[in-house]
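Data block below; observations after.
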Amino acid sequence: MNKILSSTLTAFIIALALACSKTESSVDEQDGLSAFSQDSLIKHIVKLSSDEFQGRRPFTIGETRTVEYLTQSLRNMGVEPGNGSEYFQKVPMVEITPTCDPAMLVNTGKGDFSLKNMEDYVIWTENTDSVISVEKSDVVFAGFGVVAPEYNWNDYQGIDVKGKVVLVMVNDPGFSTGDTTLFKGKEMTYYGRWTYKFEEAARQGAKGCLIVHNEKAASYPFSVVQNSWGKSQQHLDTRGSKEYRCPVEGWITEAAAKKLLNTISDGEALLVKANQKGFKPVALPAKVSTSMKVKAVFNESKNVIGKITGSKRPNEYIIYSAHWDHFGIGKPDAKGDSIYNGALDNASGTAAVLEIARAFKSLKNKPERSIVFLFVTAEEQGLLGSAYYAQHPVYPAHETVGNLNIDVINNFGRTKDISIAGEGQSELEDYLKKEVESKGRYIAPEAHPEAGHYFRSDHFSFAKAGIPALTTGSGIVEVAKGKEYGQKQQELYTEKFYHQTTDQYDAATWKLEGGLEDTILLFQIGKRLAFETTWPQWKEGSEFKALRKK
């Protein structure tokens, strides 16, 4: 009896030890921390955002210098090439410049009118045909343009939109009503993101898709649309792909959309009805005509990749990512400066990943899993570099443990809090929470969940591939000056620096202690994962959970 009990107890202890080893390996919390240097972080930011790099736009000398700098930095650290013998992955792209008609003609049974290009609407194309046109195309108002079986929602039910132009609303059905039973209420799901609207319209066979702009629902004014689209844009080179995209994509102001809707009686009421379950799409008694000439230039950009091979499980990968690109040289500001240096966005995130790479190389206990450092191109053009990597992964998705992405770090001081974009998505958030709480800090709710920040940076490309992905946002409760100060700093950045020539490193005002602390948090998460055998999962309710199972 005692032998049986002894054997049972021994077996239990062994099983318990094995179970613990699967979730928690012995991790030296201090290992690697001494490698982090604020001076080194600043050095990288200053170099990458200098005028010498000309704003780091793909296809320019700025890209060449950036790729050389990143490659040499990784080589100097002893980080091995991440794509065979190369430090880069070629990303085939195309730069498309549309020259649009000055107006869109609208024919109705009660008279005709026209809408002005760049004033009432902004359109573009990813099609490389020399001329793109819509000639007296039918118009269908398709609510939010959403097909979501899990929410029992189909805005295209019962109507054929092939060859037609669809008019759809931005964001989710739950946003404007605040109804928490509709989708995720005010928190945007991917169904609310403008990229999804175009994707679904294409799946439905539409010839064109116009998104009705609303400043609150989109989280930015129409001026952002005017400044960002309708001009030269870069896209992935999809020649040879059978995937269909609407030849005409764009945004339309709410006022202009109402002119189209009012071609039927009480048409504006459809904007409200579209928020209700059971909404049916409506064919409008209007036909639209416009065209654009297209100039297409094909070229290649580069993702930069470095790797530290795992000592025990080299075929399991943890990927750190940041985008190296910005907008290059553009319209001069009031002072005549035309270089969009992108110091915070995203020289700071790029520099942070370089610091993490240096810390991993300094570890006394080498990581058991492989650590990948991925610097992607063309994020500012629509997450193109990360999208290409996700579609053509160097390391298979089913062998990738997770993605930790850095897009802009805190430059105004240490904070008590930190935020998560799209909180509630994956178990990587639990790892962050543990690290944050161990430092006496806390995770604050996302300030604007309706803005859909989870779908607006490179980690999203990994999420779409089923890989758990995490990106954090700067906290706002500054340790010494409080919440109001932190809020003002973030508002100041958005107003005065975001996507402007003024986004430059300023030694007199930048305080990177907080940014470095946040970077170390992400290093510690990756280090913990590097010594575990567990695989972080998507949480219940995440729209990406089913993709991981596949």
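Val225 - would you say it is surrounded by fewer than 24 Cβ atoms within 10 Å (Cβ to Cβ), touching a residue at least 40 places away in the same chain (Cβ under 8 Å) and among the aliphatic types (A, V, I, L, M)?
yes
Quick one: in segment 54-79, which of the residues that are closer than 23 Å to Leu363 by Cβ and surrounded by 14 or more Cβ atoms within 10 Å (Cβ to Cβ) is nearest to the chain's Cα centre (by Cα)?
Of the residues in segment 54-79, the ones closer than 23 Å to Leu363 by Cβ are 70-79.
Add one more test, that the residue is surrounded by 14 or more Cβ atoms within 10 Å (Cβ to Cβ), and what stays is 70-71, 73-74, 77, 79.
On the way: Leu70: 21, Thr71: 24, Ser73: 25, Leu74: 24, Met77: 28, Val79: 26 Å.
Filtering segment 54-79 for residues that are closer than 23 Å to Leu363 by Cβ and surrounded by 14 or more Cβ atoms within 10 Å (Cβ to Cβ), the one nearest to the chain's Cα centre (by Cα) comes out as Leu70.
Can you work out which of the residues in segment 511-540 that are in contact with a Gly (Cβ under 7 Å, 6 or more places away or on another chain) and part of a loop (DSSP other than H, G, I, E, B) is surrounded by the most Cβ atoms within 10 Å (Cβ to Cβ)?
So, considering only residues that are in contact with a Gly (Cβ under 7 Å, 6 or more places away or on another chain) and part of a loop (DSSP other than H, G, I, E, B), the one surrounded by the most Cβ atoms within 10 Å (Cβ to Cβ) is Pro536.
Identify, please: which residue in segment 403-419 is not polar (S, T, N, Q) and not in a loop (DSSP other than H, G, I, E, B) and is, among those, surrounded by the fewest Cβ atoms within 10 Å (Cβ to Cβ)? First the steps, then the outcome.
To start, the set of residues in segment 403-419 that are not polar (S, T, N, Q) comprises 404, 406-409, 412-414, 416-418.
Filter once more, so that each one left must be not in a loop (DSSP other than H, G, I, E, B): 404, 412, 417-418.
On the way: Leu404: 27, Phe412: 23, Asp417: 18, Ile418: 25.
For segment 403-419, the residue satisfying everything is Asp417.
Matching residues to (1) of a type in the set (Asp, Glu); (2) within 26 Å of Asp172 (Cα to Cα); (3) surrounded by fewer than 19 Cβ atoms within 10 Å (Cβ to Cβ):
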| site | (1), (2), (3) |
| --- | --- |
| His448 | no, yes, yes |
| Glu484 | yes, no, yes |
| Lys488 | no, no, yes |
| Thr502 | no, no, yes |
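Look at segment 99-133 and say how many of its residues are surrounded by 15 or more Cβ atoms within 10 Å (Cβ to Cβ) and assigned to a loop (DSSP other than H, G, I, E, B).
So the count comes out to 6.
Before we move on, is Ala347 among the hydrophobic types (A, V, I, L, M, F, W, C), outside any strand (DSSP E or B) and surrounded by fewer than 24 Cβ atoms within 10 Å (Cβ to Cβ)? If you could, list the steps in order and put the result at the bottom.
Details: among the hydrophobic types (A, V, I, L, M, F, W, C): yes; outside any strand (DSSP E or B): yes; surrounded by fewer than 24 Cβ atoms within 10 Å (Cβ to Cβ): no.
Criteria not met by Ala347.
State which residue is modelled with the highest pLDDT when the search covers only segment 228-265 and only residues that are among the aromatic types (Phe, Trp, Tyr) and surrounded by 14 or more Cβ atoms within 10 Å (Cβ to Cβ).
Taking segment 228-265 and keeping what is among the aromatic types (Phe, Trp, Tyr), we get 229, 244, 251.
After this cut, where a residue has to be surrounded by 14 or more Cβ atoms within 10 Å (Cβ to Cβ) as well, the list is 229, 251.
Values: Trp229: 84, Trp251: 97.
Per the criteria, the residue is Trp251.
Applying the selection to segment 179-215, what residues are among the β-branched types (Val, Ile, Thr) and over 16 Å from the mean Cα position of the chain (by Cα)?
Result: Thr180, Thr181, Ile211, Val212.
The values are calculated or read from the model by the stated rules, or taken from the named source; none is laboratory data. Worth saying up front: this structure is predicted, and the values here are computed from it rather than measured. In this analysis, Cβ positions are derived from the backbone assuming ideal geometry, glycine residues included, and neighbour counts consider all displayed protein chains.
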